[in-house]
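Chemist: One structure coming up, written as structure tokens, with questions to follow.
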Amino acid sequence: MTKVKFFNGEDIPLELHKVRVVQKLHLVPIERRLDAIKEAGFNTFRLSTKDVFLDMLTDSGTNAMSDNQIAAMFQADDAYAGSQSFDKYQQAVEDVLGKKYLLPVHQGRAAENVISKTFIKPGNVIPMNYHFTTALAHILDVGGKIAELLYDDALILKSTNPFKGNIDIDKLEKCIEENGVDNIPFIRMEASTNLIGGQPFSMANLMDVRRVADKYGIMLVLDASLIGENAYLIKQREDAWKENSLADIIKTMTGLADLVYFSARKLSSSRGGGICTNRKELYNKMEALIPLYEGFLTYGGISVREIEAIAVGLRETLDETMISQSPRFIEFVVNELDSKGIPVVTPPGVLGAHVDAGSFCPHIPQTEYPAGALAAAFYLISGVRGMERGTISSVRDENGEEILADAELLRLAIPRRVFTLSQVKYVIDRLEWLYQNRDMIGGLKFTYEPPVLRFFMGGLEPTSDWPSKLMEKIRKDFGDSL
Ligand SMILES: *Cc1c(COP(=O)(O)O)cnc(C)c1O
């Protein structure tokens, strides 16, 4: 049990940790915010944190570390080969994820590179619940294709479906029959499906996927970057698992997969990543790529200090007090926004609150990037940096036409144990103002469009002078206030 009940009936998340190291934030004046977002090409990725108040861009590498993680970093064993820090990492992976063989990689996408290069041939199809940006980029890079097999209702943003990350089993079997087993190197399941709003799958669904994998003799790969939160939501939402510990749930999940990979930036509040398995022959197939792309097999491009932090962080993933903190804050934000009529993805997921920019700004066509525009407008009114997860984060097809995203989302990441409740209330307050003034938000267009993963460094400009007009209105309504 991690929920603390308030006598006055309020349902607010209580911080079950104390803050002992702090970092000063910069809430800069609105005029500066307008200049900063212009300099950043209306892309929040390109803002400097000296102009950012609350950094809600991502949960990647931004979760607060624990005292024990920091302490462990001082004990790191600096060795190119055979580092004892790696032994601790390996032991933690075996204890927490139940896999004996571990390949270290510098971050999650490096695991995707190694897995894609090892197992995917041109023309292969990878069935999955839903793609993640870097997973897709690596699959396309080696000539593969993806088949996204969520249930039809998973993309309904306002919903009560507790497990929108489930794969539709009928679609999965159909996909396998149509493409042929030989064309499908593996099925990919992503825990807490990131791009549809951090939505979990159920254990029952993962078990069904395993049955299909066994029936056809296809490998099952689990992206476990957000497995702790998915396990927590299984415990919350799936009756059969209510009484189980997170340790049980996580091990059961990983036990159903042949290959598990993760970004330690998400999983354990540190850096790095890993690929693990109990099947030695799979390990052997990938092994040679680690020294080629990452580093020696006992560090994989991760500093030994970070390796120590991963080992401790992995074990802390089993602590419900720790793992519930971010989902509880997200639940609070989502419920507050929803009660004010502001369109937001429900049920609350993990890693952040996801505002439905399509419904927030129905007057902006998808080709003018409503989610990107909302991210820029929200930065202007709040100094808070969110991330566009919509068509800018998508790609163009072979003819150069936009592939319009299934959803236009403004993601406000809420990393573990980083923000306080009053900061989160400020976010809700500013979003409420923006919602009342939403007609003033206009579209964006690219001025610089990189060919791969364009959302990271792309530059845009407004399709009209709406940002200056919005700034004037903010000044009028908020006076001298920051
Ligand atoms: C972040 C993330 C990745 C990529 O990890 P990086 O460490 O950022 O390279 C892969 N899959 C999922 C589900 C993620 O959330």
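Chemist: In whole Hz and in residue order, list the ³J(HN,Hα) couplings for segment 111-121 that follow from phi through the Karplus curve 6.51 cos²θ - 1.76 cosθ + 1.60, θ = phi - 60°; x for Gly and Pro.
Modeler: Coupling constants for segment 111-121: 4, 5, 4, 5, 5, 5, 5, 7, 10, 9, 10 Hz.
Chemist: Only Lys, Arg, Asp and Glu count, each charged at its Cβ (+1, +1, -1, -1), so figure out the dipole size of segment 339-401 about its Cα centre, rounded to 20 debye.
Modeler: 360 debye
Chemist: Roughly how big is segment 318-438's charge dipole about its Cα centre, with Cβ charges of +1 (Lys, Arg) and -1 (Asp, Glu), in debye to the nearest 20?
Modeler: Charge dipole of segment 318-438: 600 debye, to the nearest 20.
Chemist: Can you work out the Karplus-derived ³J(HN,Hα) for every residue in segment 363-373? Use 6.51 cos²θ - 1.76 cosθ + 1.60 with θ = phi - 60°, whole Hz, and x for glycine or proline.
Modeler: 7, 9, x, 4, 6, 10, 6, x, 6, x, 5
Chemist: Any idea which of GLY274, ALA288, ALA240 is furthest toward the positive side of the dipole for segment 218-343, if Lys and Arg beta-carbons carry +1 and Asp and Glu beta-carbons -1?
Modeler: ALA288
Chemist: What is the dipole size for the chain, taken about its Cα centre, with +1 at each Lys and Arg Cβ and -1 at each Asp and Glu Cβ, in debye to the nearest 20?
Modeler: It comes to approximately 880 debye.
Chemist: Another question, if that's okay. Which residues in segment 412-453 have a backbone N closer than 20 Å to a point placed 7 Å from the Cα of ASN335 along the Cα-to-Cβ line?
Modeler: Residues 412-432 fall inside that zone.
Chemist: If you count, for each residue, the other Cβ atoms within 10 Å and average over each peptide, how do 105-114, 274-283 line up from highest to lowest?
Modeler: 105-114, 274-283
Chemist: Under a 5 Å amide H to amide H cut-off, with H placed in plane at 1.01 Å, what residues pair with SER202 once short-range neighbours are removed?
Modeler: Residues meeting the criterion, in which the H sits 1.01 Å from N, are ASN166.
Chemist: Taking the Cβ-Cβ separation of LEU297 and ASN8 as r and a Förster radius of 45 Å, what is the calculated FRET efficiency to the nearest 0.05?
Modeler: 0.20
Chemist: Using the Cα atoms of segment 362-404 to build a convex hull, what is its mean projected area in square nanometres?
Modeler: The Cα convex hull of segment 362-404, projected and averaged over all directions, gives 3.2 nm².
Chemist: On to the next question. Using a basic spin-label model with each label point 7 Å from the Cα along Cα→Cβ, how many nm lie between LYS50 and LEU140?
Modeler: Here the modelled spin labels are 3.5 nm apart.
Chemist: How far apart, in nanometres, would the label points at THR367 and SER60 be if each is projected 7 angstrom from Cα along the Cα-to-Cβ direction?
Modeler: 2.9 nm
Chemist: Rounded, prolate or oblate: which fits segment 377-482 when a ≥ b ≥ c are the square roots of the eigenvalues of the alpha-carbon gyration tensor, with rounded for a/c under 1.5 and prolate only if a/b beats b/c?
Modeler: In terms of gyration-tensor shape, oblate.
Chemist: What base-10 log of the normalised intensity I(q)/I(0) is obtained for segment 293-367 from the Debye formula, alpha carbons as equal point scatterers, at q = 0.13, 0.22, 0.23 Å⁻¹?
Modeler: Log10 of I(q)/I(0), two decimals: -0.65, -0.93, -0.98.
Chemist: What ranking do MET65, MET322 get, fewest neighbouring Cβ atoms within 10 angstrom at the top?
Modeler: MET65, MET322
Chemist: In whole Å, how far is the Cα centre of segment 410-482 from that of segment 73-145?
Modeler: Here the two parts' Cα centres lie 34 Å apart.
Chemist: With an 8 Å cut-off on Cα pairs and a minimum separation of 6 or more residues, tell me the relative contact order of segment 337-432 in percent.
Modeler: 30 percent.
Chemist: Could you work out the helix-only [θ] at 222 nm for the chain, with each DSSP H run of four or more residues adding -39,500 (n - 2.57) and the total divided by the number of residues, to the nearest 500 deg cm²/dmol?
Modeler: Rounded to the nearest 500, it is -11500 deg cm²/dmol.
Chemist: Another question, if that's okay. Search the structure for amide H atoms under 5 Å from the amide H of PHE262, placed 1.01 Å from N in the peptide plane, and list their residues when 5 or more places away or on another chain.
Modeler: ALA224, GLY274
Chemist: By counting other Cβ atoms within 10 Å of each Cβ, how are ILE126, ILE403, ILE310 ranked from fewest to most?
Modeler: The fewest-first ordering by Cβ neighbours comes to ILE403, ILE126, ILE310.
Chemist: Would you kindly calculate the translational diffusion coefficient of segment 1-73, applying Stokes-Einstein with the Kirkwood radius from alpha carbon pairs, for 37 °C and a viscosity of 0.692 mPa s, and quote it in µm² s⁻¹ without decimals?
Modeler: 207 µm²/s
Chemist: How would you order 85-96, 212-223 from highest to lowest mean count of nearby Cβ atoms within 10 Å?
Modeler: So the peptides 85-96, 212-223, ranked by packing, come out 85-96, 212-223.
Chemist: How fast does segment 122-170 diffuse by Stokes-Einstein, in µm²/s, taking the Kirkwood radius from C-alpha pairs at 37 °C and 0.692 mPa s?
Modeler: So the translational diffusion coefficient is about 277 µm²/s.
Chemist: Just to verify a number: FRET efficiency for LYS476 and GLU94, C-beta to C-beta distance, R0 = 60 Å, to 0.05?
Modeler: Calculated transfer efficiency: 0.50.
Chemist: Can you give the Rg/Rh ratio of segment 212-298, where Rg is from the C-alpha atoms and Rh is the Kirkwood radius?
Modeler: Result: Rg/Rh = 1.03.
Chemist: Taking a cut-off of 28 Å between Cα atoms, list the lysines near LYS50, but don't count ones fewer than 8 places away on the same chain.
Modeler: By straight Cα distance, LYS50 reaches LYS18, LYS24, LYS38, LYS266, LYS425, LYS445, LYS469, LYS473, LYS476.
Chemist: Right, next: In a Debye calculation with equal point scatterers on the alpha-carbon sites of the chain and no solvent, what is log10 I(q)/I(0) at q = 0.11, 0.12, 0.13 Å⁻¹?
Modeler: -0.91, -1.09, -1.28
Chemist: Looking only at segment 112-155, which residues have a backbone nitrogen under 12 Å from a spot 7 Å from the Cα of ARG279 in the C-beta direction?
Modeler: Within reach of a label on ARG279: 119.
Chemist: Helix 325-339 against the longest principal axis of the chain: what's the angle in degrees, Cα atoms only, rounded to the nearest 10?
Modeler: In the chain, helix 325-339 runs at an angle near 40 degrees to the longest axis.
Chemist: Just to check I understand the Karplus step: with θ = phi - 60° and J = 6.51 cos²θ - 1.76 cosθ + 1.60, what whole-Hz values come out for segment 236-245, glycine and proline as x?
Modeler: So the J values, rounded to whole Hz, are 6, 10, 10, 3, 4, 10, 4, 8, 7, 7.
Chemist: Normalise the Cα radius of gyration of segment 298-421 by 2.2 N^0.38 Å (N = residues in it) and let me know the number.
Modeler: 1.30
Chemist: Please give the length that would be gained between LYS469 and ILE156 if that part of the chain were fully extended, namely 0.36 nm times their separation in residues minus their C-alpha to C-alpha distance (nm, one decimal).
Modeler: Value of the extension gain: 109.4 nm.
Chemist: For segment 1-156, taking Cα atoms only, what is the radius of gyration to one decimal and the Dmax to the nearest whole Å?
Modeler: So, for segment 1-156, Rg and Dmax equal 21.9, 61 Å respectively.
Chemist: Moving to a separate point now. Working from Cα positions, state the angle (0 to 90°, nearest 10) between the long axis of helix 30-39 and the longest principal axis of the chain.
Modeler: Compared with the principal axis, the helix lies near 50 degrees.
Chemist: Sticking with the crude label model, points 7 Å out along Cα→Cβ, report the distance from MET440 to VAL452 in nm, one decimal please.
Modeler: For the pair MET440/VAL452, the computed spacing is 4.1 nm.
Values in this text are rule-based calculations from the coordinates and carry no lab data. Please read these numbers as outputs of a predicted model, since none were measured by experiment. For neighbour counting, all protein chains shown are included, and Cβ atoms are generated from backbone atoms with ideal geometry for every residue, glycine included.
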